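Read through the structure below, which is laid out as structure tokens, and then see the notes.
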Amino acid sequence: MKNYFIMSAVFLLGFLAAMGFKEKANSEKHIAISDFPKNMVINHLDDWGGMSVAVNEMPAGTDLGPLLEGLKNNSCQVPHWGYIIKGSLKMIYDEEGEVILNEGDLFYMPPGHSGVVLDDLKLLDFSPEKGMKQVVEHIEKKVAEMSNN
């Protein structure tokens, strides 16, 4: 598991540095976390060099499992790289078991995961845009189904 955190840190820092240099010529890609959209099921922005960036908050007790039902292994198959801004999250991996991510942790979530929020959570993550669009559509459909019941 430590290798995931080390790989995550290196990737995320390199990615953010590269984005900073690229974005000087494209300032509409800069956004303060406080100004990030908050009106979506998964608050995200696409078209960040083939990546989606997301900033999401979830209360303790949130179980992502039901939203992922129907996907392969009933888990998210999109990798994510990110940072836990606040709180903690129990990750449940198809292959690697469970791990707890806490405030201040950088992470890499390989395909095949779900999670349960342990403490009120705020996280920032980057994901391949193409795969993320499919997962967001699936989750939005699940939320709509749940609200109709």
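The numbers here are math on the coordinates, done by the rules we state, and not lab data. Computed from a predicted structure; not experimentally measured. Cβ coordinates were reconstructed from backbone atoms using ideal geometry, including for glycine residues, and neighbour counts include every protein chain displayed.
Of the residues Pro37, Ser127, Leu106, the one whose Cα sits farthest towards the positive end of the charge dipole of segment 31-146 is Pro37 (charges of +1 on Lys and Arg Cβ, -1 on Asp and Glu Cβ, taken about the Cα centre). Sorting 62-68, 124-130 by their mean Cβ neighbour count within 10 Å, with the most densely packed peptide first, gives 124-130, 62-68.
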